[in-house]
Amino acid sequence: MGTHENPNVPQIGTPNKKGQIITAPEEIFFNSPRTQAFLTGSEVIKEAVKRSSVDFSVAYPITPQSEASSLVGELYADGYVGDYMRGESEFAVMGQCAGAAFGGARVFTTTAGPGTLRAFENFPMWAGARLPIQVVFTVRGVNSPLTIQPDTLEIAFMLETGMLLWHAEDAQDLFDFMMKGYIVAELPEVHLPIGVICDGFFVTHTKDVVSMTPENVALPHYNPYANPTPVMDMETAPIRHMRDPFIMKSNYISYMTHASWQLEVKAAMERSRKMTRKLLNGLIEVENPDAEILLVSSGTAVSQSREAIRLFRDKGVKVGLVKIKTIRPFPKEEIREATKNAKYIFVPEFNVAGWMAREIASVVERNERVIAGPHVAGGMTMPPEVIVEEVERTIARMNKK
């Protein structure tokens with residue numbers, strides 16, 4: 001692994017071409033003064049990119065991320081993003097992102113729903129090639145009949161791509177996760193793509209108060225030489241794996257090559273836990289951990305769960321919350337510890353599949369405690385009263401049995 005620094009790239013303590021001072025990440029995240037702004041999630045994406053020293057971004061319109069892509073284009077016009085272009089399709093966008101990352105650029109893009117599925121083949125390729133690209137998934141429905149409404153089903157497709165996946169509850173999470181995501185993804189011992197997920201419309205098109213870092217400071221630039229594979233070296237794994245004929249053959253060497261590299265990608269994801277815990281103040285957040293009833297989920301479902309807990313409190317019922325921040329790596333030990341005393345574990349989700357409930361049931365002891373639901377899908381909201389009703393009805397039925 002090299003440590004070469006590009007003399008043409010501003011270093012910490014010096015200004016970039018827009019006058020932003022390149023600042024150590026921990027100084028920005030934990031010590032810089034913050035000011036409040038009232039922004040939509042799409043505007044938050046723009047503000048995070050503005051402070052992230054992004055070299056290259058590719059855009060292709062799909063609701064609900066089109067506005068964010070357009071705003072990143074404005075950053076390019078203003079000189080905050082190195083290069084910006086529109087791709088021919090979602091699949092083309094992700095291939096172009098890969099080319100830029102192979103060349104040593106810090107890359108950003110966005111997609112959603114059917115766009116995610118059309119681009120899908122590229123995501124495990126990114127992971128196998130150890131490309132620390134960031135993509136914001138503004139998740140939406142993927143089913144027919146066509147819908148543009150919020151739904152988290154597409155996350156289920158992403159779980160085993162080899163990407164880091166962080167799920168933002170709100171616009172504040174989105175802002176922080178985007179900037180912190182680059183720092184974790186680009187660690188030499190990690191060096192994997194990262195998907196920062198927010199729920200379409202619920203976050204992208206809703207205004208919220210966000211605590212912003214100063215706009216006159218920016219993250220250090222990506223150093224492509226401090227990575228586990230030399231930049232564009234066609235004689236070195238994993239790039240060589242993509243072109244050598246032997247790797248496509250049915251023989252023991254091919255099997256072992258692929259198997260060992262998949263295991264290395266999984267190991268790199270595990271190595272991300274240490275820094276992620278530090279930057280996100282843990283992989284989960286817990287309220288009332290001693291409660292018999294726990295609501296456990298990620299994304300917007302967490303916000304609805306908070307309101308449901310308030311309604312339960314008015315009824316004199318103590319209910320706890322486990323907010324899951326990172327889906328990959330999945331916080332197995334943390335969830336197991338946080339739920340050890342619970343009698344009921346409810347998992348509200350904005351999809352019909354219940355993939356989060358399955359994930360939780362796979363790691364907790366006595367997983368018969370895990371109740372998948374309530375579920376809403378297709379763009380429906382989840383009023384906190386729906387959560388309360390589901391919990392009360394389910395517990396009454398279980399007690400009756």
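What follows is calculated from the coordinates using simple rules that are stated; it is not laboratory data. These numbers were taken from a predicted model, which means no experiment stands behind them. Glycine also receives a Cβ, built like all others from the backbone with ideal geometry; neighbour counts cover every protein chain displayed.
Using Cα-Cα distances under 8 Å and only pairs 6 or more residues apart, what relative contact order does the chain have, in percent?
18
For Leu117 and Ala92, calculate 0.36 nm times their separation in residues minus their Cα-Cα distance, and state this gained length in nm to one decimal.
7.7 nm
Name the residues whose placed amide hydrogens come within less than 5 Å of the amide hydrogen of Leu165, ignoring near sequence neighbours (fewer than 5 apart) on the same chain.
Gly195, Ile327, Arg328
Roughly what would the spin-label model give for Val217 and Met380, points 7 Å off Cα along C-beta, in nm?
4.6
Output the antiparallel fraction of DSSP beta bridges having both residues in the chain, as a percent to the nearest 5.
For the chain, the DSSP antiparallel bridge percentage is about 30.
Along the three principal axes, how long is the chain when you take its alpha carbons, biggest first, rounded to the nearest angstrom?
Taking max minus min along each principal axis of the Cα atoms, the chain gives 69, 57, 41 Å.
When the Karplus curve 6.51 cos²θ - 1.76 cosθ + 1.60 is applied with θ = phi - 60°, which whole-Hz ³J(HN,Hα) does each residue of the stretch 321-329 get, with x for Gly and Pro?
9, 10, 8, 9, 8, 10, 8, 9, x
What residues qualify as long-range amide H neighbours of Asp83, i.e. H under 5 Å apart, gap of 5 or more or another chain, H built at 1.01 Å from N?
So Asp83 has HN proximity to Phe56, Ser57.
How many percent of DSSP beta bridges within the stretch 21-218 run antiparallel, rounded to 5?
Close to 20 percent.
Using only helices, what value at 222 nm comes out for the chain when you add -39,500 (n - 2.57) per DSSP H run of length 4 or more and divide by the total residues, to the nearest 500 deg cm²/dmol?
Only helices count here, giving -11000 deg cm²/dmol.
How much net charge surrounds Ala268 when only the other residues with a Cβ under 9 Å from the Cβ of Ala268 are counted, with Lys and Arg +1 and Asp and Glu -1?
Residues near Ala268 contribute 0 overall.
Per 0.36 nm of contour for each residue apart, how much would the distance between Glu27 and Arg369 grow if the chain were fully extended, relative to their Cα-Cα spacing?
Length gained between Glu27 and Arg369: 118.9 nm.
Among 317-327, 93-103, how do they line up from the highest to the lowest mean number of other beta-carbon atoms within 10 Å?
Highest to lowest by the protection proxy: 317-327, 93-103.
Computed FRET efficiency, Cβ-Cβ of Glu74 and Glu189, R0 45 Å: what is it to the nearest 0.05?
Step by step, r from the Cβ atoms, then E = 0.80.
Can you check what the net charge comes to around Lys332, using other residues whose Cβ is under 11 Å from the Cβ of Lys332 (Lys, Arg +1; Asp, Glu -1)?
-3
Residues in the stretch 37-71, backbone N under 14 Å from the label point at Val209 (7 Å along the Cα-to-beta-carbon vector): list them, ranges by number please.
Counting backbone N atoms under 14 Å from the label point, the list is 37-39.
So for each of 183-195, 127-139, 386-398, 256-268 I average, over its residues, the number of other beta carbons within 10 Å; can you give me the resulting order with the highest mean first?
127-139, 183-195, 386-398, 256-268
Counting Lys +1, Arg +1, Asp -1, Glu -1, what net charge surrounds Arg118 among other residues with beta carbon under 12 Å of its beta carbon?
So the surrounding residues net to -4.
Calculate the dipole size of the chain relative to its Cα centre from +1 charges on Lys and Arg beta carbons and -1 charges on Asp and Glu beta carbons; express the result in debye to the nearest 20.
Charge dipole, the chain, about its Cα centre: 780 debye, nearest 20.
Pop a pseudo-label 7 angstrom from the Cα along the beta-carbon direction at both Lys400 and Gln36 and give the gap in nm to one decimal.
Taking the simple label geometry, Lys400 and Gln36 are separated by 4.6 nm.
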